[in-house]
Amino acid sequence: MINTKFQSISFVKRIFSPALPVVMGYIPVGFAYGVLGVNAGISTLNTILMSLIVFAGSAQLMATGFFSQGLNPFSIIITTFIVNLRHMLMSASLSSHMKEWKKIEVAGFCYELTDETFAVHSLRFNEGDTAALPAMSINLICQLSWVVGTILGALAGNLISDVKPFALDYALPAMFIALLILQVHNRKHVIVAIFGAVVSIVLWKFGITQWNVILATVIGATLGAVLETSNQKDKAHIAEVNHD
């Protein structure tokens, strides 16, 4: 009985600890989306349903902006699809850790995968924690927090016309910074993080304001891959010399 209790506490800690940084960012940003959705003319029900069915923060905010501008639904759907294509790459990079999962578990996991939960699971999977139930539980907690934020924002939407005074736009960057810090383990990680930030700022200054983050991410990831490959070659060379 006591062992069962401790196992339950351990499981709760195992899923809530990594989910907490995401939850703290999702509730305020979800609130902002709910306010913007209702003020853009989307019904309260549809605003909430988008968080349940689509569940893609940046894409939802973008779609809301397009809706307020009167763009046709087909354009909104196609643009959202293109923006979310990055999820295919994220899912693919994690797929090697899910070989023992059932197909329905993989489908459920990928359905709720976002940029933020991808960062969380990348860290967890690399540490060997690849069980399906905790991973899916973390995703569910994160989506529920987004939905709760959306509901609160949608209900308050008619009372708030502008969310900028609440500085909610800082919540998402702050959350990403927290997730980044958790993944920094050595000097190479620090170098890649700083390099990516500098590239993003430089691109912004040159007027590439729509793609600066994506391009900086690709360039930074390429640098990280080069450094990691070089490090592995050095280790292999040292091992070969020691063996001889």
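Quick note: the coordinates plus some simple rules give every number you see, no bench work behind them. From a predicted model like this one, the values you see are computed outputs, not experimental measurements. Reconstructed Cβ throughout: ideal geometry from the backbone, glycine too, with neighbour counts over all protein chains shown.
Give the order of Val120, Val83 when sorted by the count of other beta carbons within 10 angstrom, beginning with the fewest.
Working: Val120 23, Val83 15.
In order of increasing Cβ crowding within 10 Å: Val83, Val120.
Taking the beta-carbon count within 10 Å as an exposure proxy, list Tyr33, Tyr111 from fewest neighbours to most. All intermediate terms of the calculation are to be shown ahead of the outcome.
On the way: Tyr33 27, Tyr111 13.
Lowest count first: Tyr111, Tyr33.
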Suppose we take every Cα in the range 1-134 and form the convex hull; what volume per residue is that in Å³? 134
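Give, in whole angstrom and from largest to smallest, the semi-axes √(5λ) of the equivalent ellipsoid of the range 63-113, with λ running over the eigenvalues of the Cα gyration tensor. Write down the numbers at each step before the final one.
Details: eigenvalues 194, 22, 11 Å².
Each semi-axis is the square root of five times an eigenvalue, giving 31, 10, 7 Å.
How would you rank Ile219, Ile77, Ile42, Ile138, going from fewest to most other Cβ atoms within 10 Å of each one's own Cβ? Don't skip to the answer; put the middle values down first.
Details: Ile219 16, Ile77 12, Ile42 21, Ile138 24.
Ascending Cβ contact count within 10 Å gives the list Ile77, Ile219, Ile42, Ile138.
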